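Some notes on the structure that comes next.
The values are calculated or read from the model by the stated rules, or taken from the named source; none is laboratory data. Note that the coordinates shown come from a computational prediction; the quantities given were computed from them, not determined experimentally. Positions of Cβ are backbone-derived with ideal geometry, glycine not excepted, and every protein chain shown enters the neighbour counts. Heavy atoms of the whole protein, side chains included, go into the accessibility calculation; ligands, DNA and RNA do not. Shrake-Rupley method; radii C 1.70, N 1.55, O 1.52, S 1.80 Å.
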Amino acid sequence: MRSTPLLSLVALFGALAGALPAQAQQAFPATLAGHAALPARSFIDAPADAPASLKTSGKYTAADGRREDRLESMAGSSYLSAKGVPKPTGISLPFAAQPVQGFSGIKAMKDGSFWVLSDNGYGSKANSADAMLMFHQVQPDWQAGSVKRLRTYFLHDPDRKIPFLIVNEGTTQRYLTGADLDIESMQFIGEHVWFGDELGPYLVQTDRQGKVLALYETQVDGKVVRSPDHYAVGTPATPGAFSTPVRRSRGFEGMAASKDGRFLYPLLEGPLWNEAAKQWEHKDGREFLRVLEFDVAKGEWTGRSWKYALELNGNNIGDFNMIDADTGLIIERDNGEGEADTACNGPARPDCQNVPAKFKRVYKISLKDADAEGFVRKIGYIDLLDIQDPQGVAKVGGRNGRFSFPFVTIEDVDVVDAEHIVVANDNNLPYSSGRRLGRNDDNEFILLRVPEFLAAR
């Protein structure tokens, strides 16, 4: 879940005629083959052995940081709204249980189900101390348009593998919260689950029930890199002041795994800080992100990495999964929300800073075809704001044979089979309203038929 300030959606591409490799801009068609949703108001009780403080959630989200125990007493609004023009979502905090919301990572299973993870909670380390970290197996019913939650596992650290103070330090199970980690990506390898975290950033290894087995700090070019929320970093100031080359909330957003399970490929959401040049990493005016490589068997960073050039400075990535040994899918998105006629309450006006979604794409990239500097090749993309729906599959959001997925945080993509991919959103409960004004977004899943896209080389 993002709580970053609204970035400009009119950022220039930069000097594209320079040394950066030419990026394929071929758009491939996508047809809606299925549409299902888990309602925003989907909750689960905390485990019976969890501390009393975790029986409710969202108590620390008040603007002044004061704990609020009165259930549903604080109205939610889109975090992209201008302060003077709030965009209500119709849902209020705190909750009487743990919300299932906020899917930020997905893995397709052969039986048609999916594993998804809930990220840190309410957008920051500071306000998510009662938001439990968990992952779920869910089963969409594409015909009915519903999603059934089959099972849930909560991350916990009874063996004290986390090397820093956690919220539930003195308890037996030591359930983890959004104030401890911000997990945004997930991979299953053998009997273990691996999570990419944004706060450290860290890699976290657990068993299949969410018990932490190990935590790994991040290394780039042989050096440990930290964000302002890393446990060893003091109060952040200017970039680089505390050896923090990773921006806050710009750690591992996506993380792919090699098809043989030997390597993980965590992808940073923001560029690294170049201390020598006193600027964020870029090439010819365009920011780029690092894809790192981690050897699972050795538990070590290999030192190998690739570079992913953003199409627009200020864009973010949402997820990363491999298609085969060489190619993968990456969501690249802007920070807009909703369509042009629903971006603000009422007609457009100067004080409304919430802008509509303009750039929501799934790119197909090739690691094998990276250039001499390590920049991956972009083979092409599908536009999530322009999906074909000739059969009227869409349950909501369809119009004149077209369908749009205009959410600010689209954070889930994976391959389903040779012709289909699945895409889903993080609905930021209760802080996103991209589908309908005045209503918090549901957790939507879309099945897209994209045979040409998956076959492209």
Practice task
Only one of the values (1) 26.9, 89; (2) 21.2, 70; (3) 20.6, 60 was calculated from this structure for Rg and Dmax of the Cα atoms in Å; name its label.
Solution key: (3)
Handout entry: 15 Å tail of the calculated P(r), the range 361-404, as % of Cα pairs
Key = 55
Completion exercise
Note, the range 159-168: 3J(HN,Hα) by Karplus (6.51, -1.76, 1.60, θ = phi - 60°), whole Hz, Gly/Pro = x, goes 8, 6, 7, 6, x, 9, 4, 10, 4, 9
Handout entry: Cut-off under 5 Å, modelled amide H: who pairs with ARG377 long-range
Key = SER366, ASP369, ALA370
Handout entry: Cα coordinate range in the range 273-422, projected on the principal axes (Å, largest first)
Key = 52, 43, 27
Fill in the blank from the handout: Taking a ≥ b ≥ c as the square roots of the eigenvalues of the Cα gyration tensor, with a/c under 1.5 meaning rounded and otherwise prolate when a/b exceeds b/c and oblate if not, the range 157-241 is oblate
Practice task
Would you kindly find the accessible area of HIS192, with a 1.4 Å probe and non-protein molecules such as ligands, DNA and RNA excluded, rounding to the nearest 10 Å²?
Solution key: 70
Exercise for the section: Give me the percent of DSSP beta bridges within the chain that run antiparallel, rounded to the nearest 5. Expected result: 95
Handout entry: Added length on full extension, which subtracts the Cα-Cα distance from 0.36 nm per residue, ASP207 to SER53
Key = 52.9 nm
Practice task
With a point put 7 Å past each Cα toward its Cβ, work out how far ASP369 is from ARG149 in nm, to one decimal.
Solution key: 4.2
Handout entry: Relative contact order (%) - criterion: Cα under 8 Å, at least six apart; region: the range 143-189
Key = 32
Handout entry: MRE, 222 nm, helices only [DSSP H, n ≥ 4, -39500 (n - 2.57), over the chain, to nearest 500]
Key = 0 deg cm²/dmol
Completion exercise
Here the gain from full extension of GLN173 to ALA277, 0.36 nm per residue of separation minus their alpha-carbon distance, amounts to 32.9 nm
Handout entry: Descending Cα extents along the principal axes, the range 164-312, whole Å
Key = 49, 39, 27
Handout entry: Peptides ranked, highest mean first, by Cβ atoms within 10 Å: ranges 425-431, 143-149, 202-208
Key = 425-431, 202-208, 143-149
Completion exercise
Ordering TYR363, TYR381, TYR216, TYR231 by the accessible surface of their heavy atoms, 1.4 Å probe, largest first, yields TYR231, TYR216, TYR381, TYR363
Exercise for the section: Assuming R0 = 41 Å, can you tell me the calculated FRET efficiency for the pair VAL85 and VAL396, based on Cβ-Cβ distance, to the nearest 0.05? Expected result: 0.95
